[in-house]
Every structure is written in C-alpha cells, then in structure tokens.
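What follows is a short report on a single structure.
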Amino acid sequence: MKQKVMIALLCAAPLLAQAQFAKPDDAVEYRQSVFTVMGMHFARIGAVVKGERPFNKEEVAQNAELVATLSQLPWPAFENAVTNAHSKAKPAVWQDNAKFKEDAGKLQKAAAQLAVVAKGGDLASIKKAFGETAQSCKSCHDSFRAK
Ligand code: ASC
C-alpha cells in the first residue's frame, strides 16, 4: 500500500510542476522574475569579486546561498514550450531541450559549488567559483536567450 502511494506521488510530480501556472504569461513572469532576482544577488558577489565592494564574508555567503536556491527554480516554468511576446527564450529551448536541461544543470551545480566555497570565506576560491558560475550563465544565454 505504502509503495502504491509512493508510485502515485512520483507519477504526479511532473503534473504538479505543470499545474503551477494558470496561463503562459504567469510562467514567463515567474521565470523572468527568478532570473532578475538571481542576477541581482549574483551581481552583488560580482561587485566584491571585481573589488568594487568590500569583501564581507557573511554577505557573500548569503548572496551565494540565494543564487544557489534561485538557480533551482526557473526550469518548470519552461515546460510545455510555454512562451509569449515578452519572452527572450529562443525556440532552441524546446528544440534542443536536452542541451537546455544540461545547461540548467550546469548552472545549478556551479551555483551550489559557489555557495559551498562562499561559506568557506576564501576570496580567491570565491573568485574562481564565481567565474565558473558566470561562464555557465553566459554559455546558456548564448545558446538559448535572444539578444
Ligand atoms: C551576471 C549576469 C549574467 C552573467 C553573465 C556572465 O552578472 O546577470 O547574465 O553574469 O553576464 O557572463
């Protein structure tokens, strides 16, 4: 019995992800909002990395933790080829969906690593992990985001 419930829940999980958005505009607004907030917290770390802002370990660690959490959120909002006139998503997001998902995974991995390193508080390691995360942003944008 327990096992049957588990299987039912596992089968329902992708449906739940789809059912989160009542209409395409909601999905696009959700994913764009997440990217905006993620970009802002990432940029605060970037300012430290570039020496434009003093290095405060707790602040960088908190921003990195937020980036890592936010990096997990946008992807269900791309399901079912949902888009609208405001979206910058290229058709490649759905035409080359395996690569898109791979790139999304790379960001999440890089951001998780940045969060771990930021907790450690070593600026040189933070700079390296920040650069790797930024590279994952850029390569996905090059393939999947319209200018
Ligand atoms: C940022 C930001 C991005 C990435 C990218 C890295 O701060 O908003 O999209 O870094 O520019 O190359």
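The values are calculated or read from the model by the stated rules, or taken from the named source; none is laboratory data. Note that the coordinates shown come from a computational prediction; the quantities given were computed from them, not determined experimentally. Cβ placement follows ideal geometry from the backbone for every residue including glycine, while neighbour counts extend to all protein chains displayed.
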Just give me the residues in segment 74-89 being free of Cβ contacts under 8 Å to residues at least 40 places away in the same chain and outside any helix (DSSP H, G or I), in sequence order. 85
Yes or no: residue 106 of a type in the set (Lys, Arg), out of contact with any Phe, Trp or Tyr (no Cβ under 7 Å at 6 or more places or on another chain), on the phi < 0 side of the Ramachandran plot and buried (at least 16 other Cβ atoms within 10 Å of the Cβ)? yes
Flag if residue 146 is within 13 Å of the ligand (Cβ to nearest atom) and either of a type outside the set (Asp, Glu) or under 15 Å from the mean Cα position of the chain (by Cα) (or both): no
Test residue 35 against the criterion of being within 13 Å of the ligand (Cβ to nearest atom) and modelled with pLDDT of 95 or more, and give yes or no. yes
Within segment 91-146, the residues that are closer than 15 Å to residue 61 by Cα and of a type outside the set (A, V, I, L, M, F, W, C) are 113, 119, 120, 121, 122, 125, 127, 128, 133
Which one of these is over 30 Å from residue 131 (Cβ atoms) and modelled with pLDDT of 95 or more: 17, 27, 8, 47? 27
Show the residue pairs meeting these rules: Cβ distance below 9 Å; 6+ apart or different chains; first residue within segment 24-35 and closer than 8 Å to residue 74 by Cα; second residue aromatic (Phe, Trp, Tyr) and not in a helix (DSSP H, G or I). 30/21
Criterion violated by residue 122 - all others in (1) touching an Asp or Glu at 6+ places or on another chain (Cβ under 6 Å); (2) away from the ligand (no atom under 15 Å from the Cβ) satisfied: (1)
It is to be established whether one or more residues within segment 128-135 are without any contact (Cβ under 8 Å) to a residue 60 or more places away in the chain, more than 16 Å from the ligand (Cβ to nearest atom) and over 14 Å from the mean Cα position of the chain (by Cα). no
Of the residues in segment 62-72, those that are buried (at least 16 other Cβ atoms within 10 Å of the Cβ) and part of a loop (DSSP other than H, G, I, E, B) come to 71
Considering residues of segment 96-122 that are in contact (Cβ under 8 Å) with a residue 12 or more places away in the chain and outside any helix (DSSP H, G or I) only, the residue nearest to residue 142 (Cα to Cα): 96
Pick out the one residue from 51, 131 that is in a loop (DSSP other than H, G, I, E, B) and out of contact with any His (no Cβ under 9 Å at 6 or more places or on another chain). 51
